[in-house]
Amino acid sequence: MKIAITLILYILAFFWGCTKLRGKGRQLHRLWLGCILVYCAYINICGMTRTPFISVGILYTAFFQPIGRAIIYWLGG
């Protein structure tokens, strides 16, 4: 039930946001708004069901943190 309510609220937020977007390039902005809201809904639902999800933090942990440690090690730290 919580997931259904969450999805309904995200859909309402999308339609409300689409009404606020006006002017040149609004179709592209609506696409970006939809992508952002879908990603937010995905993370929110994964949090409710306690399932692992892909985020920007995983990219940092997987790639940049080991590279930073290697650089610090090479510099003698």
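The values are calculated or read from the model by the stated rules, or taken from the named source; none is laboratory data. This is a predicted model, so every value here is computed, not measured. So basically every Cβ, Gly included, is an ideal-geometry build from the backbone, and we count neighbours across all protein chains shown. Quick note on the areas: whole protein, heavy atoms, side chains included, nothing else; ligands and nucleic acids left out. Shrake-Rupley method; radii C 1.70, N 1.55, O 1.52, S 1.80 Å.
Miscellaneous remarks
- Ellipticity estimate at 222 nm from DSSP helix runs (n ≥ 4, -39,500 (n - 2.57)) divided over the chain, nearest 500: -24000 deg cm²/dmol
- For Leu9, the accessible surface of its heavy atoms amounts to roughly 110 Å² (probe 1.4 Å, protein chains only, rounded to the nearest 10).
- Per residue, the chain exposes 85 Å² of solvent-accessible protein surface, assessed with a 1.4 angstrom probe and all protein chains in place.
- Highest mobility in the GNM of the chain, judged by mean-square fluctuation with C-alpha springs under 10 Å and restricted to Leu59, Leu31, Leu12, is found for Leu59.
- Charged side chains reduced to their Cβ positions (Lys and Arg at +1, Asp and Glu at -1) give the chain a dipole of some 340 debye around its Cα centre.
- Degrees separating the helix 2-20 axis from the principal Cα axis of the chain, which is the longest one: 70 degrees
- Annotation: Ile11 carries an accessible surface of approximately 90 Å², with a 1.4 Å probe and no ligand, DNA or RNA atoms counted.
- C-alpha long axis of helix 65-74 to longest principal axis of the chain, angle in °: 20 degrees
- Here the chain yields Rg over Rh of 1.22, to two decimals, using C-alpha coordinates and the Kirkwood radius.
- Surface composition of the chain: carbon plus sulfur atoms contribute 75% of the solvent-accessible area (1.4 Å probe, protein chains only, all chains present).
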